[in-house]
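What follows is one structure encoded as structure tokens, with my remarks underneath.
The values are calculated or read from the model by the stated rules, or taken from the named source; none is laboratory data. The shown structure was predicted, so the numbers you read here are calculated from the model rather than taken from an experiment. As a convention, Cβ positions derive from the backbone with ideal geometry for all residues, glycine included, and neighbour counts pool all protein chains shown. Ligands, DNA and RNA are stripped out before the accessible areas are found, and what is left, the full protein with its side chains, is counted by its heavy atoms. Shrake-Rupley method; radii C 1.70, N 1.55, O 1.52, S 1.80 Å.
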Amino acid sequence: DYSHDNVYGVYADELPEIGNWSPSFMDEITIGYDKQFGQYYAVGVSGVYREWKDALEDLDYDDDDSYVFETFKGTWRKYHALILSAQKRLGPDGFQFMASYTFSKNEGMSGGDGGNTRYADSLYWSDKQMFWGRVNDVPNQIKFFGSYKFDFGLLVGLNYQYFDGYEYTPTINVQDIM
């Protein structure tokens, strides 16, 4: 039994019909190795493999604003990553950090397109062809988080993240049209 009461402004009498569906799920395998050097330093390497399966989708078969939830069986998204990391614990020098580099490949359909309907995301809206085969594929990620503690008690920190590879859709200027 599934019931909703005013979820995001949708009242119970406006909810779609619950069709033939089962929840989406993800399988993941992660393998990693860390090596500590001395009391303060460590480096690591990890591999990640994920598969998202059984996508839940809302469908309007008659184009009458009457939606039915259906499950599309099978794998709809895959993620592979190699993660290199380094860290330094806070020591007498007052400095600590965590840094990582991720090289990854993300393939398949994407949920999280902003919700082009009020009930769920559309697999078709996020079709990989629409984004030149790279839906949310960010092949290179660099992250650095560090801080320094001064002798007089002040603690300052730095947070840096770099991501490349996002595809942007072409846009048009509608200012002159309206």
Note down the net charge around Leu84, summing +1 for each Lys or Arg and -1 for each Asp or Glu among other residues with Cβ under 13 Å from its Cβ. +1
In region 72-95, whose amide N lies under 17 Å from the spot 7 Å out along Cα-to-Cβ of Tyr49? List them in ranges. 75-83
Using the Karplus equation 6.51 cos²θ - 1.76 cosθ + 1.60 (θ = phi - 60°), what ³J(HN,Hα) coupling, rounded to whole Hz, does each residue of region 86-99 give in order, writing x for Gly and Pro? 9, 8, 10, 6, 5, x, x, 6, x, 10, 9, 7, 9, 9
Quickly work out the Tyr61-to-Phe95 label distance, labels modelled 7 Å from Cα along the C-beta direction, and quote it in nm with one decimal. 6.5
Search the structure for amide H atoms under 5 Å from the amide H of Asp137, placed 1.01 Å from N in the peptide plane, and list their residues when 5 or more places away or on another chain. Glu167
Considering only protein heavy atoms, what per residue accessible area in square angstrom results for region 47-113 with a 1.4 angstrom probe? 55
